Each structure stands twice: as structure tokens, then as C-alpha cells.
Amino acid sequence: MYTVPKGTKDVLPSESYKWHYIEDAVRYTAELFSLKEIRTPVFEHTELFLRGVGGTTDIVNKEMYTFEDKGGRSITLKPEGTAGVARSVIENSLASGALPLKMYYISPIFRYEKPQAGRLREHHQFGVEIYGADTAECDVEAMLIVKTFFDKLGLRNICVNINSIGCEHCRPNYNKALTDYYKKHEDALCGDCKDRLQRNPLRLLDCKNERCLALNPPKITDYLCESCGNRFLEVRALLEELAIPYEVNTKIVRGLDYYTGIVFEFINKNIGAQNTVCGGGRYNKLSKELGGAEIPAIGFGMGIERLILTLESEGLLEVTEKTPAVYFAPLDKECAKKCMSITNELRSRGVRAETDIMGRSLKSQMKYADKTACEFVVVIGSGEKETARYVIKNMSTHEAFEATEEELYVFFSQKSK
């Protein structure tokens, strides 16, 4: 017997309504903020991620699904969404139109890592990318999109954590301070962080090893240049003006090299150690790094599987899947034709209607109607077929009433509105 590969999961018919519920909230929020959908390929040239995501990140070093295609080209299943969108913006000259350019996507993401709660080797992300604006208002708008989305879903136990990781002017001084500090505590570092210390000391702040977390490195906010410092203060002032609770967390650096300036995470403590349900920030240099013009940009991504866990932990996924409004049960093959005719007409009027397509007995049909939680059942035999009068039975109350065919259409059409 075949099984799914480790780190992947089927979304079963009994669970897919949860995904539809979240995707509906995504599109509702996107419409409010005038976000347009973008869909990029599941795989890209490997070089895109080497240049865009960064050679010192765990994603590039350990987690990418990379292979050689039949043409000898190195191809990678996308481990995150931003680099592919940036490539599309450059290739299709999207930034030459009206700015800001505001986009969203729902996409599978592939990372070879240890499967954990809400983070599989194939998982799915809702992401947003905004190009063309380099202001505190744009930074906060990205956070507002997240908050509006969470509000739509009913999430309340969420707090935004913010930080600034500086720019090319102030980050070198901070990197030196980090290097000096960690060299004094090198014996306490995990093996990965000893390597990061030589290659990119900022990555040490992203380590989840308990020994590394116990250290108390310098805070980047003490090293920001005037421009980065003022932007950080502007963002905080705007969040306060909008009455959005936030915390400054100077250890947020995000796991990708393209971030500069403002970064943020939305935290939920109800789902254990992996409590970040959304993360993002600014990446003004990414477009230029990939060969295009320099275009200011900010965005975020959130894992849908982890979001489902968050919603379930707070009892917010009690939405139920839509069930058939009515089931038509034929007593013989001729009556089955009439049932299909009525069912088809009701569906054309937007009514969720079902009938037998397996040639089952009435007893088996009634069991099926009960299992699928049909609200009403109409049994059609030769008498009903000849008189065109039908008995509509409520499966919950067991009440029944008679209706003509036209009355039947009117009744169910009104209930479906």
C-alpha cells in the first residue's frame, strides 16, 4: 500500500471546508485593501533563491528541494513566495504601472525540514507583497492587512512584535558588535551558530537552540542610524494612533537575507513553541539584487496549516461544511429520471440538491441522506410522478407537507437565499 511522503498531508473532503473558510477570508481582506492575486510557478531556477533568499540562510543551506531537470538546469521547488513574486515584477515590468503595486497569493511551499505542528515539508502560505512605497504608512498598512484578516476570522489572542534590523549604513556596526559579543561566548553556541558567527552573525538571533537563546546579545535598536531610528519611531507612533497593541522584540530578524529595516511577527501563545502565525518585513534591495531596478517593497507570509491550528485552539473553526438542502429518492428507474430532472432544475436555481446515482434501495438511500445531513428528503414513486405532487419531509423535525412541482421549486429557491 502506498502512503503519502513524510512531511506531506492530504486535505480530506471532511476537512476542506476549513480551507475554503480561510481562503474566503483571504479574498474578503484582499478586496478591502485592493490587493490583486498573483500566481507564480511552483518551481523556479535555483539561482533565484540563492541570490534572493541568501546563501547563509537555513532555507538555502539545508531545506531546499533542488534537482536537475532533463535539460540539465538546476530547478528548485519554491521554499518561500517573495523571491518568485520579485522575479515576476521585474520580468513583467509590473512596477511601471500604477503604484503602489499590491498583490497577494495562496501557494504551496516546499522545505525539507523536520515536520512539526503546523509546518510540513509541503505546506501552504497566504502572502502579500506591496511594491513602490517606502513610508511608515505602508509598513503599518502591511500589518493592518494581517490584523483585518485575523479580525475577520475572529482571532483575538494575537500580538504584533516589531523590530528594525537596520540598513547597509547601520547594520555593519551592529554586526561587529554581535561578532565581538558572541566570540566571548563562543563555547556556549550550538554548532550551527558557530558557523553563522563566521558567515552572518545576524543569523544567530534567529536560532531556536536553548543554549543560544539564553545569551543576551546587544540590541540592534541601540545601533540604528538616524533614518532607520526615525522610521522605527514613526511606525510605533502610527500603531499607537491606531490603538494596535504591539511589543518591541529586538531578536526578530526573520530567516531570510533580503529583509532590511522594519520586520514584524504576529504571535499566538496558544499553539506551543511554534507560535509565530505570520511574519514579514521590508526588502527594498531585493529587486535590485535580482537584476532589476531598486523598488521599495514590504510583505508578509503566513502558513495556512499553522493558522488552522491557531483557529482550532481558540474554538474558531466551528464552521460546518455545507450539506445538501434536499435529497430526492426514486423508487424505480423511471422515477430516477424524474428525480434527476428536478434536481438539475434546482441546481440551476442555486439550490444544493442531490439524488441517487447508484441504483440503491430506498432504505440505503435514506441512510445516505442521513449520513450526509440532508435537511429535506422527497421520495418519488410512480404516484408522485403521475400527479406531480410531492411530499417534502424535514429530516430533523420529521414534519412533512405536500407541494406541487412549482411550489417545490419556489420553496427550495427561497431557502437557498
Of all residues making up segment 47-92, the number that are buried (at least 19 other Cβ atoms within 10 Å of the Cβ), among the hydroxyl-bearing types (Ser, Thr, Tyr) and either not assigned by TED's automatic domain parsing to the domain that holds Ile106 or not in a helix (DSSP H, G or I) (or both): 2
Residue, nearest to Leu331 (Cα to Cα), within segment 380-394, restricted to residues that are in contact (Cβ under 8 Å) with a residue 24 or more places away in the chain and surrounded by 16 or more Cβ atoms within 10 Å (Cβ to Cβ): Ile380
Residues of segment 18-41 that turn out to be under 22 Å from Gly84 (Cβ atoms) and of a type in the set (Ser, Thr, Tyr), as a count: 3
Filter result for the condition that a residue is assigned by TED's automatic domain parsing to the domain that holds Glu113 and surrounded by 14 or more Cβ atoms within 10 Å (Cβ to Cβ), over Glu44, Glu37, Glu31: Glu44
Verdict on Val140 being assigned to a helix (DSSP H, G or I), touching a strand residue (DSSP E or B) at 6+ places or on another chain (Cβ under 6 Å) and either among the β-branched types (Val, Ile, Thr) or not assigned by TED's automatic domain parsing to the domain that holds Glu234 (or both): no
Search result, residues across segment 116-131 that are among the hydrophobic types (A, V, I, L, M, F, W, C), in a loop (DSSP other than H, G, I, E, B) and surrounded by 14 or more Cβ atoms within 10 Å (Cβ to Cβ): Leu120
Glu113, sole failed condition from (1) modelled with pLDDT under 90; (2) assigned to a loop (DSSP other than H, G, I, E, B); (3) out of contact with any helix residue (DSSP H, G or I) (no Cβ under 7 Å at 6 or more places or on another chain): (3)
Among the candidates Ile75, Ile90, residue that is over 17 Å from His123 (Cβ atoms), modelled with pLDDT of 95 or more and in contact with a strand residue (DSSP E or B) (Cβ under 9 Å, 6 or more places away or on another chain): Ile75
Residues satisfying the stated conditions in segment 280-327, i.e. assigned to a helix (DSSP H, G or I) and over 30 Å from Ile158 (Cα atoms): Ser287, Lys288, Glu289
Given (1) under 15 Å from Ser107 (Cβ atoms); (2) exposed (fewer than 13 other Cβ atoms within 10 Å of the Cβ); (3) polar (S, T, N, Q), index of the condition Ser14 fails: (1)
Tally of residues being under 21 Å from Arg254 (Cα atoms), surrounded by 15 or more Cβ atoms within 10 Å (Cβ to Cβ) and not hydroxyl-bearing (Ser, Thr, Tyr) across segment 151-172: 10
Unique match (being within 19 Å of Met143 (Cα to Cα) and in contact with a Pro (Cβ under 6 Å, 6 or more places away or on another chain)) among Asn284, Asn268: Asn284
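The values are calculated or read from the model by the stated rules, or taken from the named source; none is laboratory data. The structure presented is a predicted model; accordingly, all values stated were derived computationally and were not measured. So basically every Cβ, Gly included, is an ideal-geometry build from the backbone, and we count neighbours across all protein chains shown.
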